[in-house]
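*Asks:* Handing you a structure now.
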Amino acid sequence: MSHLSVHVPLDGGRAYDILIGRGLVDAVGAQAAALGAKAAGIVTDETVAALYGERIRASLEQAGLRCGIIAVPPGEASKSYACYAAVCDRLLELRIERGDLVVALGGGVVGDLAGFAAATLRRGVRFLQVPTTLLAQVDSSVGGKTGINSPHGKNLIGAFHQPRLVLADTAALDTLVEREMRAGYAEVAKYGLIADPGFFDWCEANWRGIFSGGPERDEAVAICCRAKAGVVVRDEREDGERALLNLGHTFGHALERLTHYESARLVHGEGVAIGLALAFRFSARLGLCSGQEAGRVANHLAMAGLPTRLQDVPGGSGDAESILDAMAQDKKVRDGALTFILARGIGQSFIAPGIGRDDVRAFLQDELRG
């Protein structure tokens, strides 16, 4: 089985590999056994369980591991206190010990929820990431951020807990609905916009191959994972450079909160796409980059089928003040001041702390009128 590999060289015995390729779902058992685990708790959602649950269970049992499947309802609402408690209790019922494994099988919601359960169960058990969406493969499965949502905002309860291994089976993306592929693609494009203008050029030329499952898909996942791994190693706990990975997310998270995390209205990647377009238009308004580059970003995202304006949110996004209030709950707020990731051009993003609310309000008001 040919696959690509990206190494995440963290210190303290916490280094791990990301394996990328088709058919890796069936390698979970052998990889878990190689880590010396005797048991595994598979945390997934009901949709993914129906597709891959029994394949993963068979792979683990064939390798000699005792295992059980814990399936939660699909969607952002499962990143809740109640769901987290239920998952932890079920893992304890399965007698998952520190030397065993929690297997996160699914998209970003499952990865965040299962990872947080693993981080806190018995004060920390090992876990594997088996991401089944493009968004999870290129972003949320790598880097050890885990967590659940609060009524006060997204991902406000969580921990940094690195996986022992990430198995990104790119064949799993063949079963994704088009909307989920598009949503994940927003995070792919983001890596070019942050610091790699050459990759953004490549995306403009090759995005269709990522969607259709050609070799471009594996290549894009590997490039994104390599970029994220580099940032994570340099700034694991988001004290500095890692904040760049939040390009588009200050706007995007606010929109998710205002739509009450209802995936029928807005999924994470769609919020990010609108956020990326807004971040570049805001940068252009502040004289940091050209309007032409902001237009290029929005045009590419729109070509891939993504929303790029506040008006694209079904049911509306609220007024400027409500968007500002939602932003104020962001984890990146410092002393009440908003921190944005802005750009001097494609591939030239930077951290901009202390942006004034009045500037943001005026920008949002214009966007809502536009």
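The values are calculated or read from the model by the stated rules, or taken from the named source; none is laboratory data. Computed from a predicted model, the values in this text were never measured in an experiment. Methodologically, a virtual Cβ is constructed for each residue, glycine included, from the backbone with ideal geometry; neighbour enumeration extends over all protein chains shown.
*Asks:* Given A49, A34, A40, which one is more than 23 Å from the chain's Cα centre (by Cα), under 27 Å from L92 (Cβ atoms) and touching a residue at least 12 places away in the same chain (Cβ under 8 Å)?
*Replies:* Of A49, A34, A40, the one residue that is more than 23 Å from the chain's Cα centre (by Cα), under 27 Å from L92 (Cβ atoms) and touching a residue at least 12 places away in the same chain (Cβ under 8 Å) is A40.
*Asks:* Further question on the same structure: Of the residues T259, T250, only one is of a type outside the set (G, A, S), touching a Pro at 6+ places or on another chain (Cβ under 9 Å) and either buried (at least 16 other Cβ atoms within 10 Å of the Cβ) or farther than 21 Å from S5 by Cα (or both); which?
*Replies:* T259
*Asks:* Please count how many residues of segment 130-174 are more than 12 Å from the chain's Cα centre (by Cα), at pLDDT 95 or above and assigned to a strand (DSSP E or B).
*Replies:* Adding up the residues that qualify gives 11.
*Asks:* Test D312 against the criterion of being under 28 Å from S5 (Cα atoms) and modelled with pLDDT of 95 or more, and give yes or no.
*Replies:* For D312, the condition - under 28 Å from S5 (Cα atoms) and modelled with pLDDT of 95 or more - is not met.
*Asks:* Cβ contacts < 8 Å: first residue assigned by TED's automatic domain parsing to the domain that holds R164 and free of Cβ contacts under 8 Å to residues at least 24 places away in the same chain, restricted to segment 98-120; second residue buried (at least 24 other Cβ atoms within 10 Å of the Cβ) and acidic (D, E), any location; separation 6+ or different chain. Result?
*Replies:* Correct list of pairs: empty, since none qualify.
*Asks:* Name the single residue that is surrounded by the most Cβ atoms within 10 Å (Cβ to Cβ) among those in segment 266-296 being over 23 Å from E180 (Cβ atoms) and without any contact (Cβ under 8 Å) to a residue 40 or more places away in the chain.
*Replies:* The residue in question is A294.
*Asks:* Quick one: R208 ticks every box in (1) in the same structural domain as S283 (by TED's automatic domain parsing); (2) crowded, with 24+ Cβ neighbours inside 10 Å; (3) charged (D, E, K, R) bar one, so which box is it?
*Replies:* (2)
*Asks:* Would you point out which residue out of R14, R57, R90, R95 is under 24 Å from G147 (Cα atoms), assigned to a helix (DSSP H, G or I) and of a type outside the set (D, E)?
*Replies:* R90
*Asks:* Check whether at least one residue in segment 34-52 is of a type in the set (D, E, K, R), closer than 18 Å to A171 by Cα, out of contact with any strand residue (DSSP E or B) (no Cβ under 6 Å at 6 or more places or on another chain) and surrounded by fewer than 22 Cβ atoms within 10 Å (Cβ to Cβ), and report yes or no.
*Replies:* Within segment 34-52, not a single residue is of a type in the set (D, E, K, R), closer than 18 Å to A171 by Cα, out of contact with any strand residue (DSSP E or B) (no Cβ under 6 Å at 6 or more places or on another chain) and surrounded by fewer than 22 Cβ atoms within 10 Å (Cβ to Cβ).
*Asks:* Also, I was wondering about something else. Could you please tell me which pairs satisfy a Cβ distance under 6 Å, a separation of 6+ or placement on different chains, a first residue in segment 358-369 that is within 13 Å of D319 (Cβ to Cβ) and among the polar types (S, T, N, Q), and a second residue that is assigned to a helix (DSSP H, G or I) and at pLDDT 95 or above?
*Replies:* Close Cβ pairs satisfying both conditions: Q365/A320.
*Asks:* Tell me whether segment 75-82 contains one or more residues that are under 14 Å from I42 (Cα atoms) and not aliphatic (A, V, I, L, M).
*Replies:* Scanning segment 75-82, I find no residue that is under 14 Å from I42 (Cα atoms) and not aliphatic (A, V, I, L, M), so the answer is no.
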